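Colleague: Please see the structure below; I have some questions.
The values are calculated or read from the model by the stated rules, or taken from the named source; none is laboratory data. What you see is a predicted model; the values in this text were computed from it and never measured. Please note: Cβ atoms are built from the backbone with ideal geometry, for glycine as well, and neighbour counts cover all protein chains shown. Quick note on the areas: whole protein, heavy atoms, side chains included, nothing else; ligands and nucleic acids left out. Shrake-Rupley method; radii C 1.70, N 1.55, O 1.52, S 1.80 Å.
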Amino acid sequence: MSMTTKDAERLVKRVLDQASFGDVRVHVASHTHGYSRFAQGAPTQCGDSTKVTVTVTAVKDGRHATASGSRTDDASIGALVKQAEELAALAPVDPEVMPPLGKMSPSAASHVDPEVSKMGAEQRAAQIEQAIASARSLRLDAAGFVDHFDLSEAMGDRAGLFVHQRRTQVSMSTTCRTSDGTGSSKAGVVGHALKAAGIDGGKLAHEAGGWALQSRAPVAVPPGRYTVVLSPNAVAEMLLFFVQALSHRAAVEGRSFFSAPEGKTRVGEVLFDSKIHIWSDPDDHHHPASKFTSEGVVQPKVDWVKNGRVEALTAGRYWSQHAGVPLLPAPSSLHMAGDQGDLDSLIAGVDRGILVTRFWYNRLLEPETILATGLTRDGTFLIEKGKLSHSIKNFRYNESPVTLLKNVAALGKPRRAGLLPEGVWVVPPMVVRDFNFESSSDAV
Amino acid sequence: MMPWMNTSRRSFLVSSSLASAGLLVARPAWAMPKGALVPAPDGPPPQAANEAAILAASRVLADEAVAKVAVEAAIAAGARYADARLVLYRTENIGVRDDHIDHVARHEGYGIGLRVIADGGWGFAATTDVSAKVAPQLAKQAVASAKRNGAMLRALGRPEVAWAPLAHPEGGTWVAPHEIDPFSVAIQDKADLLLQATGAMLKQPGVRFANAMVASVVEDKLFISSEGLRVHQIVPRLAPSLTAVAVDLKKGGFASREHEAPPMQGGWEYVQSLDLPGSAPELAAQANQKLHARSVEPGARHVILAPSNLWLTIHESIGHPTELDRAMGLEANFAGTSFIGPRDAGSLKLGSALVNLVADRTQPGGLATVGWDDDGVQSGRWDIVRDGIFVGWQTTRDQAGWIGEEHSRGCSYAQGHDGLAFQRMPNISLQPGKEGYTTEDLVNATENGVLVQGRGSWSIDQQRYNFQFSGQMFWEVKRGRITQPLRDVAYQANTIEFWHSCDMVGGEGTYRLGGAFGDGKGEPMQLNAVSHGCPPARFMANIINTSESARGAK
């Protein structure tokens with residue numbers, strides 16, 4: 001059971017009461033986590049854990065240091081505060097250190113589902129049984145993962161800051177593979193609430209299984225530049241690099257895609273297709289996300305790109321003041337506007353192209369162009385005359401999310417990317433022209 | 001073997017203007033971290049000299065009784081096997097940005113994890129609330145989930161967990177050799193060292209930014225099992241980093257150059273041995289050189305991979321596909337499977353006859369070096385690839401039986417107290433060649449190729465066939481000489497074709513360790529620290545021009 005607001009407030013106060021520095025900042029978190037794995041059509045590992053973390057940052061005369069630990073008795077907390085203060089006293093001066101944050105007011109919206117808080121090994125096992133049964137009925141091998149957590153965290157300082165939030169999340173994914181070893185696919189869902197997330201082991205295995213069967217016996221198609229249809233999962237995988245590049249400081253410093261010559265940035269320029277609208281919103285009703293950062297800075301609702309124009313870049317507390325730009329932390333969620341069609345209707349509009357259901361092992365290659373590399377996985381298909389004509393071998397891509405946002409042919413209806421439980425990604429399937437596949441892979 | 005080979009230093013340097021490049025290729029002092037030169041020994045790993053005193057000061061000992069209670073309660077609740085791990089995981093991160101400190105942070109993760117086998121299934125429970133009161137609750141929770149898993153296995157007609165016996169059913173203690181506890185060094189001294197290094201970088205014209213960091217980790221772990229094993233181990237690890245960024249403010253464009261020093265197991269003396277400030281000017285100069293270097297011509301040709309680059313290629317293309325759990329499909333939902341099948345050991349020709357790879361959890365300085373693994377198995381050394389043939393798997397106690405082996409190879413590891421132990425990679429290293437070649441020999445023997453140094457971008461498919469790696473510095477090799485630096489380079493290959501194309505490997509004197517703290521696997525994902533030793537070696541690969549790939553984004 002996670003800390004209530006009162007518990008968190010008491011713990012924060014107990015830490016601050018032991019401080020001798022005028023400026024001490026504390027973050028506390030309690031985390032209840034459960035998970036079960038399955039593979040080869042059988043349960044494998046499972047675990048449950050509870051964890052408390054107390055993190056103390058002490059600041060004095062421009063010097064600062066942080067110490068954290070997992071014990072909450074008075075003596076341990078006292079030792080932790082003392083350690084942070086001693087380390088800070090010895091640290092060199094940081095000209096970028098900021099005064100304490102003071103009062104912040106995140107929204108009061110609840111991001112908790114009691115059904116998720118109550119989950120345990122039994123609930124997870126029941127989902128796994130359904131997934132395995134569904135895969136067996138299709139004569140497929142099934143592997144997967146069920147995971148849920150209940151996180152309560154608070155941040156306080158001696159200048160009036162106290163923010164608290166509690167969030168739950170549940171996710172499940174299933175990979176089905178054909179017995180001949182040539183077909184594989186994965187389906188997954190994630191959400192803050194059990195029902196809304198659509199946790200249903202049988203349904204997930206059925207979805208993954210259908211694609212796995214269709215992906216059997218792939219044929220080789222030469223690499224090159226193709227029109228691609230990207231699922232929401234594939235779009236999110238690539239936009240991850242885009243979000244990481246949204247730093248105002250890096251842009252001014254000349255080491256970013258968003259850099260313009262002579263220390264300027266490209267904020268205000270229309271760099272992308274006019275249909276592109278990207279924003280973040282921690283209090284989105286269907287897809288809530290973390291309301292504040294580990295420093296206690298509240299996540300605002302913000303437009304990053306609108307009508308293809310770069311609207312804003314991220315800036316931390318020091319940089320925001322130094323450069324005179326709004327304080328915008330790296331976002332906790334990402335939404336991209338789309339259109340009405342589903343994946344099938346996008347496919348129907350493509351004369352010749354390739355359907356990518358997901359990407360894998362994506363890594364940044366060149367920050368200057370946000371060039372990334374990675375591979376297609378778990379079902380790649382040739383599209384001919386609006387239909388999937390063949391399962392094809394996987395490709396390695398060397399391509400930038402910038403191309404996705406420039407070469408837009410069509411957008412579909414946004415959906416939560418269920419294979420990326422690490423964040424909140426609500427993005428549309430896309431049709432993109434001239435997507436660069438560099439080589440082929442034999443992997444299934 | 002290579003009749004036109006000329007190993008003299010003079011022929012290696014094309015002209016005096018490239019002398020600094022040549023000297024670097026000949027390996028400066030900072031590229032030879034202490035401890036990295038020793039090929040793996042046979043027998044158990046050596047220990048720290050003052051082992052007894054370090055162990056006696058361990059804070060986890062205060063809760064040994066709690067671990068025993070948890071194990072006993074699990075057996076009483078119906079488990080047929082149980083182990084408890086008390087883990088104190090201490091980290092310290094110090095980072096500087098340009099001319100000032102950026103962060104000083106210490107973290108202590110401490111807790112207990114209890115793993116059980118009951119009714120044939122696995123169960124696990126962990127908490128940071130380490131107390132005699134909580135131990136029986138932990139046991140109850142772990143045993144209940146194990147029984148639920150066991151019931152599902154029976155209903156599905158699947159076998160229960162097979163737990164291989166220990167070849168050496170004795171516990172013990174082990175402290176990784178180190179001279180200076182990283183937590184005993186004053187914060188100012190660490191910060192000063194890093195600030196000297198970044199300061200030296202910023203003196204180089206064109207270099208606009210410099211970052212330096214050191215991550216220090218000490219893992220203190222007490223393992224108690226229902227088989228009567230008690231294992232107490234303390235392992236310090238260090239990861240230094242130093243980076244220069246050159247920026248062309250007028251035309252736009254930038255390039256960075258990272259130090260090639262690998263993370264290592266050991267004490268602060270390792271960081272001292274690197275002389276970060278002394279190596280900074282050369283690295284900074286290379287950031288500039290890289291910014292203004294010629295863009296590479298794409299196409300298939302020889303690549304000569306320095307140990308600072310090749311270690312990661314070994315990790316991804318040999319390390320992961322020889323994990324037995326991947327080959328059996330246990331990681332199919334996330335990390336992937338393997339191009340190697342469970343029955344391929346002893347028959348699959350994976351590379352040329354020059355390719356010999358050894359797994360070794362006893363290698364001095366290796367990040368995955370331990371006395372015992374997290375199943376209580378004593379560490380060892382064995383062949384993975386011999387004369388180009390794949391011969392050996394990485395296994396744990398619940399996997400050995402799958403391939404008819406009586407004992408585990410000792411590859412079980414869990415990150416922190418709340419990670420579930422499963423099969424993780426040991427140090428796996430390419431053995432040096434008998435000819436005793438130097439990097440110069442490899443360059444001199446190459447008509448047309450690229451020499452790649454340092455770690456860049458990396459990516460490989462889920463069965464480990466198709467990979468692409470970048471690097472830190474790239475040098476054009478023409479007619480046996482290094483001619484100029486290059487930029488925008490990545491190399492691509494198919495794992496089997498790549499290792500079959502290996503036609504030259506350096507000798508013992510060129511062998512170095514590389515490694516990383518962040519080897520990710522499992523769900524929830526856990527990180528493993530692992531090293532890979534290798535000499536420089538020559539292969540065929542497809543060179544990609546990354547600038548050309550990005551033309552759509554410009």
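Colleague: What number of residues in region A:303-323 are under 23 Å from A:E96 (Cβ atoms) and either of a type in the set (D, E, K, R) or surrounded by fewer than 17 Cβ atoms within 10 Å (Cβ to Cβ) (or both)?
Modeller: Matching residues across region A:303-323 total 5.
Colleague: Take A:G210 and tell me if it is away from chain B (no Cβ under 14 Å) and at pLDDT 95 or above.
Modeller: Spelling it out, A:G210 is indeed away from chain B (no Cβ under 14 Å) and at pLDDT 95 or above.
Colleague: Next question. In the list B:A327, B:A359, which residue meets the criterion of being crowded, with 24+ Cβ neighbours inside 10 Å, small (G, A, S), in contact with a Phe, Trp or Tyr (Cβ under 6 Å, 6 or more places away or on another chain) and more than 8 Å from chain A (Cβ to nearest Cβ)?
Modeller: Residue meeting the stated conditions: B:A359.
Colleague: Where residues in region B:137-167 are assigned to a helix (DSSP H, G or I) and farther than 13 Å from B:A79 by Cα, which of them is most open to solvent (accessible area, probe 1.4 Å)?
Modeller: B:R154
Colleague: Still on this structure, please answer the following. Residue check: is B:G253 farther than 14 Å from B:I94 by Cα and open to solvent by 20 Å² or more (accessible area, probe 1.4 Å)?
Modeller: The answer is no for B:G253.
Colleague: Does region A:278-292 hold any residues that are in contact with a Ser or Thr (Cβ under 9 Å, 6 or more places away or on another chain) and within 18 Å of A:V189 (Cα to Cα), and which are they?
Modeller: Within region A:278-292, A:D284, A:H287, A:P288, A:A289 qualify.
Results for (1) over 30 Å from B:P165 (Cβ atoms); (2) open to solvent by 10 Å² or more (accessible area, probe 1.4 Å), shown as yes or no for each residue.
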{"position": "B:M213", "(1), (2)": "yes, yes"}
{"position": "B:L229", "(1), (2)": "no, no"}
{"position": "B:P263", "(1), (2)": "yes, yes"}
{"position": "B:A280", "(1), (2)": "yes, no"}
{"position": "B:N288", "(1), (2)": "yes, yes"}
{"position": "B:L310", "(1), (2)": "yes, no"}
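Colleague: Still on this structure: Given the criteria more than 14 Å from chain A (Cβ to nearest Cβ), surrounded by fewer than 20 Cβ atoms within 10 Å (Cβ to Cβ) and among the charged types (D, E, K, R), does B:E447 qualify?
Modeller: Here the answer is yes, as B:E447 does meet what is asked.
Colleague: In addition: Do we find that A:S332 is more than 14 Å from every other protein chain (Cβ to nearest Cβ), open to solvent by 20 Å² or more (accessible area, probe 1.4 Å), under 26 Å from A:D281 (Cβ atoms) and of a type in the set (S, T, Y) in this structure?
Modeller: Yes, satisfied.
Colleague: Among the residues that make up region B:133-142, is at least one of them within 13 Å of B:A82 (Cβ to Cβ), in contact with a Lys or Arg (Cβ under 9 Å, 6 or more places away or on another chain) and at the interface with chain A (Cβ under 10 Å from one of its Cβ atoms)?
Modeller: Taking every residue of region B:133-142 in turn, at least one turns out to be within 13 Å of B:A82 (Cβ to Cβ), in contact with a Lys or Arg (Cβ under 9 Å, 6 or more places away or on another chain) and at the interface with chain A (Cβ under 10 Å from one of its Cβ atoms).
Colleague: Would you be able to tell me the number of residues in region B:293-308 that are open to solvent by 20 Å² or more (accessible area, probe 1.4 Å) and away from chain A (no Cβ under 14 Å)?
Modeller: So the answer is 4.
Colleague: What is the residue count in region A:360-382 for residues that are touching a Ser or Thr at 6+ places or on another chain (Cβ under 6 Å) and either within 12 Å of A:M238 (Cβ to Cβ) or within 14 Å of chain B (Cβ to nearest Cβ) (or both)?
Modeller: Count: 12.
Colleague: Tell me whether region B:479-487 contains one or more residues that are under 26 Å from B:S256 (Cβ atoms) and hydrophobic (A, V, I, L, M, F, W, C).
Modeller: Checked against the condition, which is being under 26 Å from B:S256 (Cβ atoms) and hydrophobic (A, V, I, L, M, F, W, C), region B:479-487 yields at least one hit.
Colleague: On to the next question. Within region B:84-91, identify whether any single residue is at pLDDT 95 or above, open to solvent by less than 10 Å² (accessible area, probe 1.4 Å), at the interface with another protein chain (Cβ under 7 Å from one of its Cβ atoms) and in a strand (DSSP E or B), and answer yes or no.
Modeller: no
Colleague: Here's a follow-up. Would you please name the residue that is nearest to B:N288 (Cα to Cα), looking only at residues in region B:200-240 that are over 19 Å from the mean Cα position of the chain (by Cα) and of a type in the set (V, I, T)?
Modeller: B:V207
Colleague: Here's a follow-up. So which residues in region A:401-444 are in a loop (DSSP other than H, G, I, E, B) and either facing another protein chain (nearest Cβ under 9 Å) or closer than 24 Å to A:S256 by Cα (or both)?
Modeller: A:N407, A:G423, A:D442, A:A443, A:V444
Colleague: Shifting gears a bit: Considering only residues that are within 14 Å of chain B (Cβ to nearest Cβ) and open to solvent by 40 Å² or more (accessible area, probe 1.4 Å), look in region A:270-298 and name the one that is farthest from the chain's Cα centre (by Cα).
Modeller: Once the filter is applied, the top-ranked residue is A:E295.
Colleague: Same structure, new question: Return the residue satisfying two criteria in turn: it lies in region A:16-35 and is more than 8 Å from every other protein chain (Cβ to nearest Cβ) and within 30 Å of B:F334 (Cα to Cα), and of such residues it is surrounded by the fewest Cβ atoms within 10 Å (Cβ to Cβ).
Modeller: Ranking the qualifying residues of region A:16-35, first place goes to A:H31.
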